[in-house]
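Notes follow once the structure below has been shown.
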Amino acid sequence: MDEAEEVYCIGCGAKIQTTEKDGTGYTPQGALDKGLEKGEVYCQRCFRLRHYNEIAPVSLTDDDFLRLLSQIRDDDALIVYVVDMFDFNGSMIPGIHRFVGDNPILLVGNKDDVFPKSMKRSRMKEWLKQQANAQGIRPIDVLLTSAKKPDEIETLLNTIEKYRKKRNAYVVGVTNVGKSTLINQIIRLNNGTQDLITTSRFPGTTLDKIEIPFADGKMLIDTPGIVHEDQMAHVLTGKDLKYVSPQKTIKPKTFQLSDQQTLFFGGIARFDYLRGHGAVSTYFENNLMVHRTKLANADEFYDNHVGTYLTPPDEDGLEKLPDLQRHELHLENRSDVVVEGLGWITVPEHSTVAVWAPKGISVVIRKPLV
């Protein structure tokens, strides 16, 4: 490839090169030639991810991602800040104002389709706004959306147009909040092209800025996701990730618990009800097994069955999964106890609980969403 001719992967934004097989943006010369003929060039990493669901490591570091995002504050632009409604706490960008400067923020709560229709969207929007305010974020507007609902994608695009005022619009978020999927749907809505940008459950799919032109010549820009090393996606194998991120509407499960009872969530989390009594509701991916047992038997049961009966992880994923770490919590008010990146348990007031999560995965208390 002519060094003067710069070509970029339309799947992840990486600069295409044909010489370093292990480098970012590599593609064989033959594949590049075919891609140029078709007008769609993908790097080998994106090709394998799209067709075989294989993930290849990348050489980009957190500093590389932050350097790319720091360019945003120097532009007069609209910031479209996408968070995962199912994993709000885990999808916050620490110190986001360092990246966006004084630019206005449109806060988008993505994946609202996984919540039951009985949940009022007006309440969810108000909850999202309150949570953002608690993080020091004052968005110009709050929107709920889903890439699976064309009418909501159209509303999102119209809202972006309303606030960008003939400026660029940067879409930002942590990995796995669904930014690229949303942009793919916007592209499809505009010109019918399907799945142009590479998406997957794996962190760090987008490697550089991807620019999609507006009619006025400004750009809708998909930025690399900020990588949180404490995300659940980093402690599970690709095969086990399907138990973490809901793809369909979740079906809450309610348990009448007394003191000294335990709930296992596969083999990746555990909930001990130490003191209290009442209905405990769980909100997790529908296929994640929830098993109840007595607290007195819990340690032995886990040791005997993790990786076999208690899955995920399966036996292949056991080596990657860190040890579970215990977090004891005293709750005076009805609260959500959140295992970041996995789900949450709504616990009655005046309860004492212990929640076990893989070491490095945060457990937080918040005002109930439901």
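Filtered by the rule that a residue be under 19 Å from residue 334 (Cβ atoms) and not basic (Lys, Arg), the range 267-283 gives 271, 272, 273, 274, 276, 277, 278, 279, 280, 281, 282, 283.
Elements of the type helices (runs of 4 or more DSSP H) sitting completely within the range 62-172 and holding at least 1 residues that are closer than 23 Å to residue 246 by Cα and touching a Pro at 6+ places or on another chain (Cβ under 9 Å): these cover 121-134. Can we say residue 224 is within 14 Å of the chain's Cα centre (by Cα), more than 13 Å from residue 170 (Cβ to Cβ), of a type outside the set (S, T, N, Q) and modelled with pLDDT under 80? It is false that residue 224 is within 14 Å of the chain's Cα centre (by Cα), more than 13 Å from residue 170 (Cβ to Cβ), of a type outside the set (S, T, N, Q) and modelled with pLDDT under 80.
Screening the candidates 200, 281, 245 for the property of being small (Gly, Ala, Ser), at pLDDT below 85 and under 30 Å from residue 326 (Cβ atoms) yields one hit, 245.
When 338, 355 are screened for being under 19 Å from residue 119 (Cβ atoms) and assigned by TED's automatic domain parsing to the domain that holds residue 279, only 338 passes.
In the range 85-111, of all residues being crowded, with 22+ Cβ neighbours inside 10 Å and of a type in the set (D, E, K, R), the one that is nearest to residue 364 (Cα to Cα) corresponds to 87. Of the candidates 314, 259, the single residue that is among the acidic types (Asp, Glu) and more than 30 Å from residue 350 (Cβ to Cβ) is 314.
The values are calculated or read from the model by the stated rules, or taken from the named source; none is laboratory data. Predicted model only: the values in this text are computed from it and were never measured. Note that each Cβ is placed from the backbone with ideal geometry, even for glycine, and that neighbours are counted across all protein chains shown.
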